[in-house]
Amino acid sequence: MNAMTQETKQTLLYIAIAFAFSVAVRLIWYYQFSGYEPFMFNSQFMINTNDGYYFAEGARDILSGVNQENDLSPITMAASRLTALFAFILPFSFETVIFFMPVVLSSLVVIPIILIARSLGDLEMGLVAALLASIAHSYYNRTMIGYFDTDMLNIVLPMFLLWSIILAIRTNEDKYLLVMAFDILLYRWWYPQSYSLEFAFFGLILFYTLIWERKNLYNYKLLAIMMFAMVGLDEYLRFLIVMVVFALYKQKKFEKYVYALLGIAVVLFFASGGFKPIWYLLKIYVFKDAVMAGDLGLKLHFYAVMQTVREAGHIPFETFASRISGHVVTFLVSVAGFVYLTYKHKVMLFGLPLIGLGFLAYAGGLRFTIYAVPVLAFGAAFLITQTAQFMPTPRLKFLAPLLLTILALVPNIIHIQNYKVPTVFQADEVKVLEKLKAEAKREDYVVAWWDYGYPIRYYSDVKTLVDGGKHDGDVNFPVSFMLTNPPEVAAKMARLDVEYTEMRYKRTKEDKNLTLLSNIEEMTKAYGFSDTNDFLYSLQTETTLPEKTRDVYFYLPVRMSDIYPTVEMFSNIDLMSGEMKKRSFFYTTKSFKQDGNKINLDQGIVFDLQSTTVMIGTQKASVKRFVQTAYDKNMKLTKNIQMANPEGEMSVVYMSNYGTFLVLDEKTYNSLYIQLAVLEEYDKMLFEEVVLAPQAKVYKLKI
Ligand code: MN
């Protein structure tokens, strides 16, 4: 241990400082909410990202050894496996592990940053860049405490890749060939979409080699082993190939075959479909290809999630810049600094793919900004540490960079202090799901909007029709239809969609080449219709339902009222023509003021008690009924329905315990969601109550 150089000691010290800083800043949220029970479950905070429940479900199933077919639980995904491993070996609860994993893993990003700086001979720059990158706005948002998602390593792994590439190019040492290849294997294992970034790195190394180091055989070795690590084969096979190639490199006599190896690698890459995922991404992001095509048969038109997302549109430059660096000024300094740094050290060019991916955010796709964070942090850090050169005294040489670093950090820390994101679920909602778990069997289905899919599966261990990853227009349609149509037809659709979903798994398992149409189209055909509208209409009459193979539950949270209009969009479309139908009227507000006989419901909507009408802007509509709901002291819902005008178009509902007013047209009022979740009004032949809590209601389907 005597050989540890001064530089190594300093490197370790800087890594320790930056790592501790990154962790400490991520604990701000923890102390802000300390003791806040609504965010807790099993005496730990719950996570604050929906997708996290997906990996949590997978990890839970790995640990318990329960493996159901077609439950969509990701037991083979890297994030689930790593989580299961941590939960297994660490002395903490499962909830604690998933809550803190992002804090620890994402903070590892400081290591490659400082190591890259060390290789450039500027450790101080590394420390400053690590401090800034580890907590910069968008990187923080996507790796904060409780943000349990693949993001926790999605920047760490490519930064290690960048480090190994820079070290390989600078030193031409063999070991970096292996480190680089292993990093690709690991990165791909963790995040299969890493393809395009790896490909961009490959292209850049090729470019670099052809321009500046055409005669350097080492670079071709690097390219070949990199491509072998990237080919579209099974990860164990790729590992084996990489080891064999490395062994060949170690033999001097194989040197003349390096170009041939590179050729083989490229051919293998294309032959194994390596380019396909890149092509697919280009199609979506660059050519903006329409993702939703119709079905093969009736050419049905579904409403695509992309349509709701696309409306988010363009982000302003200021948002974009502060997400990457914390502040527009820091961002501009970072860009200038990066250009200067690249001029001084050509190898920093290899950071371009990360910056490029980050800048894709500007074209729409806010989530990409995090890729640009660490590389641009080098830019700011370089300029900050360079200022020391212009300072006359040693004291100032230390103080000037320190002050500038603090200035760069402050906007990010202010952002973090104000970024008080709630957990995905509240303790009361989880209690409902725990009761559901006690009642439902693993193979039962729960009908709920896709936003609640993963958490429901995690807390209740059931199956769902849609979730955070399965929510295309065709699968959303039946669920949207159930929630926004009358309970009688919704009940039938629930049985149909659940049984058709299971039949689909069965049939595609028996016949791998079978391509089934959407459930709704399969139903249309099976019931002898050639027009889906006719089939849907027929649900209002006597319908022979498929045989019941399992129970179906409805999970109806109160909070769904915030997204009801979006939920409705997915089924408010004529599937045959693709035309959107006239939107139903749904208005909810917590901000209202009574003024004599008039209740001002905000947004230009006024409820007149005297004339029982609602003014909606300049339009006057008569009110059919006024409903007031309240919970009595036993927490049973009571309701008072006053009929006003039998011919009225609107209903006004006042949910007194929630302090919420609803203004609904007749279709919305009669929807399953309003009838079952808001009014607890249901046909006992069709539904049975399971949990009726103020936060959420659960019903069991009886047909
Ligand atoms: Mn399960």
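Quick note: the coordinates plus some simple rules give every number you see, no bench work behind them. Worth saying up front: this structure is predicted, and the values here are computed from it rather than measured. Ideal geometry is used to build each Cβ from the backbone, glycine not excepted, and the neighbour counts take in all protein chains shown.
Solvent-free Debye calculation, one equal scatterer per alpha-carbon of the chain: log10 I(q)/I(0) at 0.07, 0.11, 0.12 Å⁻¹ equals -0.59, -1.24, -1.38.
Taking 37 °C and 0.692 mPa s as conditions, the range 320-424 diffuses translationally at an estimated 223 µm²/s according to Stokes-Einstein applied to its Kirkwood radius (Cα pairs). For the range 427-569, the spread of Cα positions along the three principal axes, ordered from largest to smallest, is 47, 35, 26 Å. Using the Cβ-Cβ distance between residue 317 and residue 254 with R0 = 51 Å, the FRET efficiency computed as 1/(1 + (r/R0)^6) comes to roughly 0.50. For the range 15-151, the pair-distance distribution built from all alpha carbon pairs, in bins 10 Å wide starting at 0, is 12, 36, 31, 16, 4, 0 percent.
For the chain, averaging the sequence separation of C-alpha pairs within contact (under 8 Å, six or more residues apart) and dividing by the residue count gives a relative contact order of 12 percent. Each label was represented as a point 7 Å from its Cα along the Cα-to-Cβ direction; for residue 174 and residue 527 these points are 7.0 nm apart. Ordered from longest to shortest, the equivalent ellipsoid semi-axes for the range 568-703 are 25, 23, 13 Å, each the square root of 5 times a Cα gyration tensor eigenvalue.
Label sites at residue 594 and residue 702, each approximated as a point 7 angstrom past Cα along Cα to Cβ, lie 3.7 nm apart. May I ask for the angle, rounded to the nearest 10°, between helix 258-271 and the longest principal axis of the chain, with both axes built from Cα atoms and the value confined to 0 to 90°? That helix lies at roughly 10 degrees to the long axis. Rounded is the label for the range 2-418, because the ratio a/c of its alpha-carbon gyration tensor axes (a ≥ b ≥ c) stays below 1.5. Using a simple spin-label model with pseudo-atoms 7 Å out from Cα toward Cβ, residue 628 and residue 649 lie 2.7 nm apart. Taking every alpha-carbon pair under 8 Å whose residues sit at least 6 apart, the range 2-418 reaches a relative contact order of 17 percent. One decimal place: the segment residue 688-residue 96 gains 209.5 nm when fully extended, by the rule 0.36 nm per residue minus the C-alpha distance.
Mind pulling the angle between the C-alpha long axis of helix 156-171 and the longest principal axis of the chain? Nearest 10 degrees, somewhere in 0 to 90. So the helix axis and the longest Cα principal axis differ by about 20 degrees. Per-residue extension of 0.36 nm, minus the Cα-Cα distance of residue 31 and residue 680, leaves a gain of 229.7 nm for this segment.
Here residue 635 and residue 441 are evaluated by their C-beta separation; at R0 = 22 Å the FRET efficiency comes out at 0.20.
The angle separating the long axis of helix 6-26 from the principal Cα axis of greatest extent in the chain is about 10 degrees.
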